[in-house]
1. Would you mind listing the helices (runs of 4 or more DSSP H) fully within segment 54-139 where at least 2 residues are over 18 Å from A166 (Cα atoms), at pLDDT below 95 and open to solvent by less than 10 Å² (accessible area, probe 1.4 Å)?
2. Please go through segment 171-210 and give me each residue that is touching an Asp or Glu at 6+ places or on another chain (Cβ under 9 Å) and aromatic (F, W, Y), ordered by number.
3. Can you name the residue in segment 183-209 that is at pLDDT 90 or above and among the basic types (K, R) and, of all such residues, is nearest to L389 (Cα to Cα)?
4. Could you grab me the full set of residues in segment 781-807 that are more than 30 Å from K155 (Cβ to Cβ) and not in a helix (DSSP H, G or I)?
5. Can you work out which of the residues in segment 319-372 that are open to solvent by less than 20 Å² (accessible area, probe 1.4 Å) and touching an Asp or Glu at 6+ places or on another chain (Cβ under 6 Å) is nearest to V401 (Cα to Cα)?
6. Out of the residues in segment 666-682 meeting the condition of being open to solvent by 30 Å² or more (accessible area, probe 1.4 Å) and either touching a strand residue (DSSP E or B) at 6+ places or on another chain (Cβ under 9 Å) or free of Cβ contacts under 8 Å to residues at least 60 places away in the same chain (or both), tell me which one is farthest from K626 (Cα to Cα).
7. What's the total number of residues in segment 682-693 that are within 14 Å of C663 (Cα to Cα) and assigned to a helix (DSSP H, G or I)?
8. Is it true that D707 is out of contact with any Pro (no Cβ under 6 Å at 6 or more places or on another chain) and more than 25 Å from V664 (Cβ to Cβ)?
Amino acid sequence: QKRTNVETEAAAAAKRQKADRERIRRLLITLGDDNKKVVGQIRGLAGALEDDIELHGDLMADTLLECAKCLPMKTNIYAAWAMRMAEKHISWAKDLPSRLSDELRSLLRIGRAGPAQVLLKFVAALGSYGFFGVNEVLTLLEDVAALSAGLRPAKGGDFGIFLAIATLPFLSPAVHKKAADRVERIIQGANSYIAGRGAAHWIPLLRFVKSEDVCDRMEALSEVLASLRRAAWTSACVLHVPGFEPSEESKLQDVSLPRLGLTAEEIRKSKVRFQVPLVATRLLSLGAEKDGADDHMPCHDRWVLEEQILLTVDAFSLDVDECAKQLLKIPVLHPQFEVILIEVIFSQMLRLPTPPELPLFYSRLFESVMEKQASTKAFVEQYYKALFLRAASFDEECLEVLAEAFAYHLMHNSFQADWSPFTGDNTSVAAQRFIRRALDRLQRLSFHQNLLHRLPESLHVYAPPEPQATTTLPCQLRDEYREMLSLVRIKDADEEQVCVFCDKLRGRSMKHKADGATTEAEPTAKKRRLSGEVGGEVDGEAKRSDGVAANADIAKSASEIAEATVGAKEDQAAQLRPKEEVKEEPQDEATGEKKTDVVAHAPLVPCTSHEVTELFVTALLQNGSKTPTHMSKLLDGYRGVFSKLRPGDEEQAHEFEKLVVGCVVDIWRCSSQRLEITVDALLQRGIVECRAVVERLLAGRGPQGCDSLAVWNIVNSVARKSLEQSQSARVELAMAKKLGQADASERCRAELDKAISQSAEVFTVIFTSLVRNHQDADEADTDMRQAMISRILAIGRKYHAFIRPLIDAAESRIPGVAHNPDIAAVFDSLRSL
């Protein structure tokens, strides 16, 4: 009984301790959520947690750092609370600097700019309130700026400089007054770096609207800091808690900020890559200023507000609803706040070369913001319209992102939007391209009949066709196709039976039983009619016209296929049975055709290997068109047939793969999504290779060819798969070296060399195809020629880090580049990245 009482008391104590820990964390996390009486909240919480320092001091320190890192808008509030606690509990405060320094160092080492910048804001606030000395804080900023020493912008050179000078606006005016000389030296060093980074060459490549002249946030900081200096370092967008004053040294005894202890060489070895985002493209607020509005925000306040928005989105990217709440709680009262918020989110969504999050995240963020603050809806609609009107100068990669986001927007907004940019006689070609892409994506979220019912009739011309498999291809009108369709079935798949029939079509049967003559396949498809009539010569005889004799002939061929399939060893004459002895077979569920070995309704016409492959692949695709699952089962069930039909010669095998991809393109020309799914299934099973896919897809012309949504989704998917293979091989080689496995290292090195070669070949094919399409386009078709140039730029920019050697040698390795000034200029600009 005594032991039971002790266990009960221990469990109760653990429960109380857990409740206390949850209470402390909740109090710290919610500190400052109410913008009223912040000073009182800080004092109250400092007093409320005094008795918990002894038992839960470590928990408080950990929670404080976690909140300071994840809640960008409240760094000054947490710094003020930490100072209040440190004034009464100096022993608790002594351990905080080392924890903070270790966390900051680890973030910098792995290149996590967002959380590191928030922690630097927290350090700046601690220095502004006397927790750290001003000299210590500025020494830390100098150490951070030194991380860029000797590094080019593309190799992490922007990382340290940007983080250091981006922290200066968050220092209090009193700090700037006490250390004006040191602050000025940091600014001068940053200006020297900015002047030599050559951003003017590559910033134009990152603008999603080419007609808008915007710079990146580092370039803008020069003007921002000058504006702050004129404003005596005060900003309406930075909260400074009253009641604190900085000092050159820490006001707390034995509390000091450790040195960073990180060098530029470590940043280089860590391969930190950091791209400074561009300032928000001001399609709404700038227009208001040009119209004479006098309520625009000063440039330094706008820069700080944009920074707060970016840091908040980065911190809450895993919770859209909470992200919207935090954004709308930013304590800035200004008429342009909502406009700036919408402009920043749009600019992040369309950020080049790749947005930080998927378009779905930003679409959901817009919807959440509009639900919580209805007045923002008008600004979202206005920004969409402003982008549509600038479609002609829109970046090609951003066009795809915007189309996807707009499709989500239409779904959430009951298909309601301002359609004026897409209706009327003056609709630009660029706007038409955009709306076709958007409606194609919209159909993937809805269904075809719903689009036609909900969209205005004037937009039906841009709606994609109903996503169904094509059934009117020339090969589908032939009798041999119907026979192939009955053999390639989902249930009870029989590869051997299909292979024997393919051999028959190719004329590989040794003899006909009727006359003992050999059957040879005609070398070309030109001697056959596609209207269903039987053509060609068999055994050198003239073409038959008697239908009865023809059916008798195909019956003999059918029985031969059955004989070869079952492997019967009886006499061949005994195997030939009259028609009336053949039992009626059940119908196949997928096709409705009888489950006979061969449907003997027409003569067997010899075919070329090309035609046999086309018949087999098209039949397989049609029988698997019901769902992707049906398609997967058929591909798995008849993978051996693909292997048997594939030629042994490497070049012929490549043409075979292109033919297979061409069959997929033909049968799914009305469904871009099923086209993507089917090609991906073929790639996963190794039926086709990346190079064949790219060559065949980019050989098409027009909106449904190389300029279609499906083609570019597949091309990007193929490019990523190729690069993933190289990265996987590189990781395996590193592991083998680490373990000292010499044989494995040699094998992995050979695999890596092969993967790198294949990857370079894929990208060479992509660029070569785009250059050829540009050259083949009519001189009058300026839109298509410009689209191909934009695609070259998009591919080179997106995968620049992986294909730099190919870009540097483009004139010698990619045909047509050296003789085309426009394309050569694109590759020259890519080299500046």
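1. Details: elements: 75-88, 90-94, 96-109, 113-128.
It comes to 75-88, 96-109.
2. Scanning segment 171-210 gives Y193, F208.
3. The qualifying residue nearest to L389 (Cα to Cα) is R207.
4. So in segment 781-807, the residues more than 30 Å from K155 (Cβ to Cβ) come out as 781-788.
The answer is D781, and nothing else.
5. The extreme case among them is P359.
6. Within segment 666-682, the match that is farthest from K626 (Cα to Cα) is D680.
7. Here is the first cut: in segment 682-693, the residues within 14 Å of C663 (Cα to Cα) are 682, 687-688, 692-693.
Narrowing further to those that are assigned to a helix (DSSP H, G or I): 682, 692-693.
Summing the residues that are within 14 Å of C663 (Cα to Cα) and assigned to a helix (DSSP H, G or I) in segment 682-693 gives 3.
8. Values: out of contact with any Pro (no Cβ under 6 Å at 6 or more places or on another chain): yes; more than 25 Å from V664 (Cβ to Cβ): no.
Criteria not met by D707.
The values are calculated or read from the model by the stated rules, or taken from the named source; none is laboratory data. Values in this document were obtained by computation on a predicted structure and should not be read as measured data. Please note: Cβ atoms are built from the backbone with ideal geometry, for glycine as well, and neighbour counts cover all protein chains shown. Quick note on the areas: whole protein, heavy atoms, side chains included, nothing else; ligands and nucleic acids left out. Shrake-Rupley method; radii C 1.70, N 1.55, O 1.52, S 1.80 Å.
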